[in-house]
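The values are calculated or read from the model by the stated rules, or taken from the named source; none is laboratory data. Predicted model only: the values in this text are computed from it and were never measured. Using ideal geometry, Cβ is built from the backbone for each residue, glycine included, and neighbour counts are taken over all protein chains shown.
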Amino acid sequence: MRPEIRDTPSLEVTVLVSVGRHPLTGRGRRADQDARGVELARGLPEAEVQLLHAGTLNEGSETALRGYLGMGFDALTLLEQPEGADILPALAETLDEASPQLVITGECAERGEGSGLLPYLLAERLGWPTVSGVVAVEGIAAGVATLLQALPRGQRRRLEVRLPAIVSVDGAAPAPRQSAYGPARRGQLAFVPGAVSLDDDWAGWQVQRARKRPKRLKIVKAASARDRFKAAAAKAEGGGGQVLEDVTPEQGAAAIFKLLKDEGVLR
Amino acid sequence: MSEIKRRDPRTEWIARNRLHPQHLEVLAELGQGVASEWMGSAGIVRRNPHAVGFMGPNGIKRIDRSGVQQGAGGGGAAKSTAQSKPLVEIEAPAFLVAVVPDLSGGRLSSHDRDLLGLARQLADADPERRGAVMAVVVGAHKEDSYADAGVDRLLHLESPELDGYAPEARVGALVAVEEAWEPRHWLLPDSKLGGADLGRRLAVRLGERPATGVWQIEADARGEGGSGWRCTARGAANTLDIQRPLPRVVLALAECAEPVSETRHAAQPLVLAQPLPAQLSRIEDLGPVAVDPAGVALAEAEFILSAGNGVRDWDGFHRAAKMLGATEGASRVAVDDGFMPRDRQVGATGIWVTARVYVAVGISGAIQHLQGIQSCDKVVAINMDSGCDMIKRADLAVIGDSAQVLEALVALVEQEREEKRHAA
């Protein structure tokens with residue numbers, strides 16, 4: 001057997017992880033999309049994966065962050081930022097210094113504003129391309145990554161993006177592995193001080209628990225009483241549907257085929 | 001046909017006899033119906049209340065005020081109401097509100113229409129200084145009802161660079177629009193179909209902090225933040241409501257406002273003066289990837305072939321689903337009888353589907369099943385019974401043996417694939 005020639009340096013990947021929030025109990029946990037991002041990075045061959053978190057360390061967030069360490073990491077870099085700070089400058093600075101090839105994030109945070117802007121802001125600041133909704137990295141060759149992007153309705157699209165790049169992971173990406181308790185306890189949280197800039201806009205906004213959105217009523221705008229009565233009394237029906245009776249199966253099939261073609265569902 | 005005029009003494013007699021129950025109908029047929037309204041000699045409108053209406057089947061006089069009797073029929077009436085919507089034209093708008101619709105499948109989605117409704121709210125708030133809604137359509141489209149959706153100005157940007165997934169080129173084009181018109185607000189749908197991605201890119205490029213997940217806006221009398229509007233946006237994975245002044249770039253959720261329905265608008269085309277800027281694209285679209293339709297969750301499948309009690313040839317059905325590339329569904333009966341797994345059941349007791357095209361094979365259409373397919377766009381029914389409820393719901397119904405129709409359909413698809421292969 002010939003020893004493999006490793007002329008390509010290993011790929012440096014940084015995963016930005018955040019503290020999630022359990023939808024029912026509200027406790028801190030691994031954020032779902034971030035954990036999927038870590039899983040994605042773990043699946044990359046010959047990748048050196050770094051975990052990076054910007055925020056405060058307290059009881060709730062420590063269990064959440066150690067959850068990521070339990071996915072098979074020795075250390076997690078923690079950029080110390082106070083509550084309510086704008087983490088963007090510190091993150092951008094750190095990433096600029098470390099200059100990884102690929103940065104993986106979740107799409108939206110589970111706490112705070114959760115606007116999903118971070119990958120775009122970082123990309124604009126660093127001048128890197130960004131791709132959202134990635135479910136798989138199919139391969140990386142010659143500074144170009146081939147990605148699989150999730151579209152609505154379970155569809156997928158293949159993209160090529162030039163590295164270095166920032167990708168955000170969709171909820172349809174492979175589920176993260178379970179976090180192992182021992183490695184999670186043993187892992188180190190490496191503190192790094194970062195520049196602090198406060199988010200004044202956020203402090204000025206009113207934030208409350210989400211209330212249920214009102215259901216849209218079916219409003220009948222009818223000019224006459226007859227129309228209103230018809231709308232209230234009529235059974236739901238498509239109306240104006242074409243019915244082909246007494247046709248051969250071939251004619252019927254041709255009509256269906258035409259409709260499927262027009263709708264563009266046949267490939 | 002001979003040219004000889006035939007007299008019908010009976011109708012003439014009825015026309016003379018004004019006490020006859022069919023008197024008015026016959027008069028109307030002969031074209032000499034009694035006018036119920038006419039201009040009197042003194043310039044006053046005179047009415048004959050006895051001439052209004054017609055005799056119903058039970059010999060009772062009925063008055064139809066819906067306007068259907070005067071018109072040609074149902075379809076004509078619907079068309080006339082569309083025509084009769086007042087046309088709103090804004091000649092010199094005080095400002096512009098730009099909307100970038102998703103146009104999934106080339107048509108305005110209901111989300112896009114809601115967004116245009118939101119734009120109208122912003123534009124029409126001050127009747128003294130009305131703004132115009134500008135729709136920025138990027139790439140090819142098939143939509144022609146922009147006027148009814150509330151669009152005052154329509155800007156269509158087309159270039160081969162903008163097709164497919166080209167977020168960088170699209171943002172570049174929108175920035176060119178920004179430079180040319182400087183709209184007061186940019187509204188985009190916060191949807192996975194592209195609006196969410198494009199809107200965030202645009203906001204970052206413009207240096208604005210956008211409001212994402214907006215589901216409500218209200219006028220803000222205090223005028224904080226300058227825009228005069230406040231918005232309520234969802235944050236933190238839909239667990240928070242954030243109230244803030246409305247920024248320039250807004251990414252709004254579906255049902256953020258009522259769509260425009262009562263007015264027509266000009267949809268006047270605009271042209272971008274300068275050519276679109278050339279963009280260095282670092283993201284290349286390699287096109288869609290074929291996915292296994294059986295692996296797609298039924299609730300989000302685009303194209304479903306669903307089987308019911310009427311299916312006898314199950315092998316043929318599975319083959320058809322495979323050939324058409326459709327996700328398989330089933331009615332409750334087919335599942336209960338053990339022909340299909342439980343997780344494929346469509347309906348109120350199973351999965352509520354959102355398919356664009358739903359083909360129901362041998363399904364009669366129980367009300368629970370029809371509830372489950374409420375949000376499907378096009379429903380095709382293949383059924384033996386022409387009187388069943390599924391036929392009433394369907395946009396296209398074929399009455400016949402489902403096995404034969406499916407077989408013919410598979411043959412058509414195979415034939416087309418063959419032709420494509422030969423051509424290629």
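Matching residues to (1) closer than 23 Å to residue B:145 by Cβ; (2) more than 26 Å from the chain's Cα centre (by Cα); (3) more than 9 Å from every other protein chain (Cβ to nearest Cβ); (4) aromatic (Phe, Trp, Tyr):
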residue	(1), (2), (3), (4)
B:168	no, yes, no, no
B:175	no, yes, yes, no
B:186	yes, no, yes, yes
B:214	no, no, yes, no
B:218	no, yes, yes, no
B:258	yes, no, no, no
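Against the definition (of a type outside the set (Ser, Thr, Tyr), surrounded by 16 or more Cβ atoms within 10 Å (Cβ to Cβ) and modelled with pLDDT of 90 or more), how does residue B:199 come out, yes or no? Criteria met by residue B:199.
Matching residues to (1) surrounded by 21 or more Cβ atoms within 10 Å (Cβ to Cβ); (2) modelled with pLDDT of 90 or more; (3) assigned by TED's automatic domain parsing to the domain that holds residue B:104; (4) assigned to a loop (DSSP other than H, G, I, E, B):
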| site | (1), (2), (3), (4) |
| --- | --- |
| B:343 | no, no, no, no |
| B:348 | no, no, no, yes |
| B:354 | no, no, no, yes |
| B:358 | yes, yes, no, no |
| B:382 | yes, yes, no, no |
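When the stretch A:126-153 is limited to residues that are without any contact (Cβ under 8 Å) to a residue 12 or more places away in the chain and either crowded, with 19+ Cβ neighbours inside 10 Å or at the interface with chain B (Cβ under 8 Å from one of its Cβ atoms) (or both), the one that is farthest from residue A:34 (Cα to Cα) turns out to be A:153. Kindly evaluate residue A:74 against the criterion of being touching a residue at least 60 places away in the same chain (Cβ under 8 Å), surrounded by 15 or more Cβ atoms within 10 Å (Cβ to Cβ) and among the charged types (D, E, K, R). No: the conditions fail for residue A:74. Inside the stretch A:237-261, can you point out the residues that are more than 7 Å from every other protein chain (Cβ to nearest Cβ) and either surrounded by fewer than 11 Cβ atoms within 10 Å (Cβ to Cβ) or at pLDDT below 75 (or both)? Once the filter is applied, which keeps residues that are more than 7 Å from every other protein chain (Cβ to nearest Cβ) and either surrounded by fewer than 11 Cβ atoms within 10 Å (Cβ to Cβ) or at pLDDT below 75 (or both), the stretch A:237-261 yields A:239, A:240, A:246. Among residues of the stretch A:26-54 being in a strand (DSSP E or B) and not aliphatic (A, V, I, L, M), the one that is farthest from residue A:145 (Cα to Cα) is A:28.
The residues in the stretch B:202-228 that are small (Gly, Ala, Ser) and either at pLDDT 90 or above or within 17 Å of residue B:137 (Cα to Cα) (or both) can be counted, and the count is 4.
Condition check ((1) assigned by TED's automatic domain parsing to the domain that holds residue B:401; (2) under 31 Å from the mean Cα position of the chain (by Cα)) across all residues:
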| site | (1), (2) |
| --- | --- |
| B:283 | no, no |
| B:289 | no, yes |
| B:301 | yes, yes |
| B:306 | yes, yes |
| B:309 | yes, no |
| B:315 | yes, no |
| B:324 | yes, yes |
| B:327 | yes, yes |
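Here residue B:264 passes the criteria (1) outside the structural domain of residue B:159 (by TED's automatic domain parsing); (2) under 15 Å from residue B:117 (Cβ atoms) except the one numbered (1). Restricting the stretch B:384-411 to residues that are acidic (Asp, Glu) and more than 8 Å from every other protein chain (Cβ to nearest Cβ) leaves a set whose member that is surrounded by the fewest Cβ atoms within 10 Å (Cβ to Cβ) is B:385. Residues that are exposed (fewer than 12 other Cβ atoms within 10 Å of the Cβ) and at the interface with chain B (Cβ under 10 Å from one of its Cβ atoms) within the stretch A:164-211 comprise A:204, A:206, A:208, A:209, A:211, listed in sequence order. Yes or no: residue B:364 hydroxyl-bearing (Ser, Thr, Tyr), on the phi < 0 side of the Ramachandran plot, facing another protein chain (nearest Cβ under 8 Å) and without any contact (Cβ under 8 Å) to a residue 60 or more places away in the chain? Here the answer is no, as residue B:364 does not meet what is asked.
Set side by side, the residues B:374, B:415 differ, and just one is at the interface with chain A (Cβ under 9 Å from one of its Cβ atoms), exposed (fewer than 14 other Cβ atoms within 10 Å of the Cβ) and on the phi < 0 side of the Ramachandran plot, which is B:374. Being charged (D, E, K, R) and over 27 Å from residue B:202 (Cα atoms) is a description that does not apply to residue A:111. Summed over the stretch B:260-295, the residues that are more than 11 Å from chain A (Cβ to nearest Cβ) and among the β-branched types (Val, Ile, Thr) give a count of 3. A Cβ distance below 6 Å, combined with a sequence gap of six or more or placement on separate chains, defines the contacts here; from the stretch B:154-165, residues that are closer than 25 Å to residue B:266 by Cα reach residues that are small (Gly, Ala, Ser) in the pairs B:154/B:135; B:154/B:267; B:157/B:173.
Go through A:197, A:224, A:168 for me and flag whichever is closer than 22 Å to residue A:91 by Cβ and at pLDDT below 90.
Going through A:197, A:224, A:168 in turn, the sole match is A:197.
Of all the criteria given as (1) over 23 Å from residue A:22 (Cα atoms); (2) touching a strand residue (DSSP E or B) at 6+ places or on another chain (Cβ under 8 Å); (3) surrounded by fewer than 17 Cβ atoms within 10 Å (Cβ to Cβ); (4) not aromatic (Phe, Trp, Tyr), the one not satisfied by residue A:57 is (1). Where strands (runs of 3 or more DSSP E) fall entirely within the stretch B:183-284, those with at least 1 residues that are farther than 24 Å from residue A:165 by Cβ and without any contact (Cβ under 8 Å) to a residue 24 or more places away in the chain are at B:211-219, B:229-235, B:240-245. Which number in (1) under 17 Å from residue A:108 (Cα atoms); (2) surrounded by 16 or more Cβ atoms within 10 Å (Cβ to Cβ) marks the one condition that residue B:229 misses? Of (1) under 17 Å from residue A:108 (Cα atoms); (2) surrounded by 16 or more Cβ atoms within 10 Å (Cβ to Cβ), only one is false for residue B:229: (1). Is it the case that some residue within the stretch B:320-328 is within 30 Å of residue B:154 (Cα to Cα), in a loop (DSSP other than H, G, I, E, B) and not polar (S, T, N, Q)? No, because not a single residue in the stretch B:320-328 is within 30 Å of residue B:154 (Cα to Cα), in a loop (DSSP other than H, G, I, E, B) and not polar (S, T, N, Q).
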